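Visitor: My structure is below; once you've seen it, I'll send some questions.
The values are calculated or read from the model by the stated rules, or taken from the named source; none is laboratory data. The structure displayed is predicted, hence computed values, not measured ones. Positions of Cβ are generated from backbone atoms using ideal geometry, with glycine treated the same way; all protein chains shown enter the neighbour counts.
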Amino acid sequence: MRLAVTVLIICLLSACTAGGAPVVDIYGQSSKPQKVTSGTHRVRQGETLYSIAWRYGWDYRALANANDIPAPYTIYPGQLISLAGHGGDSRPVTRHPSPSRDDSKPAPAKPEPKPSAKPRSTSKPAPAPASSGSGLVSGPITWRWPASGKLVETFSGDAHGQKGIAISGAQGAPVIAAAPGQVVYRGSGLTGYGNLLIIKHNDRWLSAYAHNDKMLVNEGQAVSAGQQIATMGASGTFRTQLHFEIRRDGKPVDPLHYLPKR
C-alpha cells in the first residue's frame with residue numbers, strides 16, 4: 001500500500017511538469033530560458049511592447065524591428081507578435097526604392113525657375129515644440145538603491161538563475177526610482193512578478209520593480225531619480241520584498257555592478 005501511494009505521488013509530480021510549461025521557482029521567477037526565439041505572442045489588454053520584450057528576453061527595439069512596429073511602439077489587444085524574428089539588430093531597416101530610369105545617362109538639365117518676389121508674412125513664427133518631459137537620460141546613468149532593507153537574493157548569470165536582486169522590507173515601505181526615466185509598463189500581467197513597474201531610462205537601459213503593494217505612478221509618466229513610485233509588498237511572491245532588475249539592450253545585468261556601495 002505504501003509503495004502504491006509513493007508511485008502515485010511521483011506520477012502526479014511528473015504530470016505537473018509535463019507539456020513544456022515553464023517552471024516557476026519559489027521566488028516567483030520563470031525558470032525557462034532567458035530569450036525565446038520561436039512562436040508568437042498574442043497581445044493581451046494592458047500589455048506593452050516593453051513588457052512583452054521583457055517577458056521573452058528581447059531588446060524592445062529588436063522585437064519592434066522584427067515585427068515592423070515603428071516608434072512609439074503602439075500595439076493592440078489581439079495582435080500577434082512574432083518571436084522568431086532575427087532580433088540581431090535593433091536599428092530600423094531602410095528600404096530603397098528601385099530606380100525607375102537608366103542612371104547611367106545624365107538627366108536632361110531643367111530650366112532654372114525665375115526668381116519671384118516672396119509675399120511678406122504677417123504671421124508670427126511658430127513656437128518651438130514643448131519638451132515631451134519624458135525624463136529620459138541622454139548621458140551616463142547614475143543609479144541609486146530602489147529601496148532600503150536587507151539584500152536577500154543576488155543576481156545569477158545562469159539561464160535559470162535570478163535576473164536581479166531582492167531586497168526585503170516592511171509592508172508599505174517606499175520603493176523609489178533608481179534613475180530618472182519614463183514608466184513604460186504598469187501592471188500585473190507578467191507571471192511571477194506581481195505588481196510590476198518598468199522604467200525606461202534611455203534607448204539602452206530599463207529597470208524593473210516587482211512585487212509592489214501599491215503602484216503610485218502611471219504608464220507614460222516621467223519620474224525623477226529618488227521619486228517614490230510604489231510601496232513594497234508581497235504580490236506574486238511568498239514574502240514582502242522588492243525584486244529589482246536592470247537590463248541593458250534587453251539583457252539582464254547584475255545591479256550590484258551599478259548601484260553604489262552600501
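Visitor: Given the residues Pro180, Pro174, which is the only one that is crowded, with 19+ Cβ neighbours inside 10 Å, under 26 Å from Arg262 (Cα atoms) and at pLDDT 95 or above?
Guide: Numbers: Pro174 fails: crowded, with 19+ Cβ neighbours inside 10 Å.
Only one candidate passes the filter, namely Pro180.
Visitor: In segment 211-237, what residues are free of Cβ contacts under 8 Å to residues at least 40 places away in the same chain and small (Gly, Ala, Ser)?
Guide: Within segment 211-237, just Gly220 meets the criteria.
Visitor: Also, I was wondering about something else. Checking Ser235 against (1) over 20 Å from Lys163 (Cβ atoms); (2) over 17 Å from the mean Cα position of the chain (by Cα); (3) among the small types (Gly, Ala, Ser), only one condition comes out false. Which one?
Guide: Answer for Ser235: the failing condition is (1).
Visitor: Output yes when any residue across segment 157-167 is modelled with pLDDT of 95 or more and surrounded by fewer than 20 Cβ atoms within 10 Å (Cβ to Cβ), and no when none is. Break it down stepwise before answering.
Guide: Of segment 157-167, the ones modelled with pLDDT of 95 or more are 164-167.
Subset that is surrounded by fewer than 20 Cβ atoms within 10 Å (Cβ to Cβ): none.
Among the residues of segment 157-167, not one is modelled with pLDDT of 95 or more and surrounded by fewer than 20 Cβ atoms within 10 Å (Cβ to Cβ), which makes the answer no.
Visitor: Please count how many residues of segment 194-225 are assigned to a loop (DSSP other than H, G, I, E, B) and either touching a helix residue (DSSP H, G or I) at 6+ places or on another chain (Cβ under 7 Å) or under 17 Å from Leu49 (Cα atoms) (or both).
Guide: Start the filter on segment 194-225 by keeping residues that are assigned to a loop (DSSP other than H, G, I, E, B), which leaves 194, 201-204, 216-221, 224-225.
Now drop any that are not either touching a helix residue (DSSP H, G or I) at 6+ places or on another chain (Cβ under 7 Å) or under 17 Å from Leu49 (Cα atoms) (or both), which leaves 201-204, 218-221.
So the answer is 8.
Visitor: What are the residues in segment 196-230 that are over 22 Å from Gly139 (Cβ atoms) and surrounded by fewer than 20 Cβ atoms within 10 Å (Cβ to Cβ), if any?
Guide: The answer is Asp213, Lys214, Leu216, Val217, Asn218, Glu219, Gly220, Gln228.
Visitor: Okay, moving on. For segment 226-242, give me the residue count where each residue is in a strand (DSSP E or B) and out of contact with any Phe, Trp or Tyr (no Cβ under 7 Å at 6 or more places or on another chain).
Guide: So the first thing to find is which residues in segment 226-242 are in a strand (DSSP E or B), and the list is 228-233, 241-242.
So of that shortlist, the ones also out of contact with any Phe, Trp or Tyr (no Cβ under 7 Å at 6 or more places or on another chain) come out as 228, 231-233, 241.
The total comes to 5.
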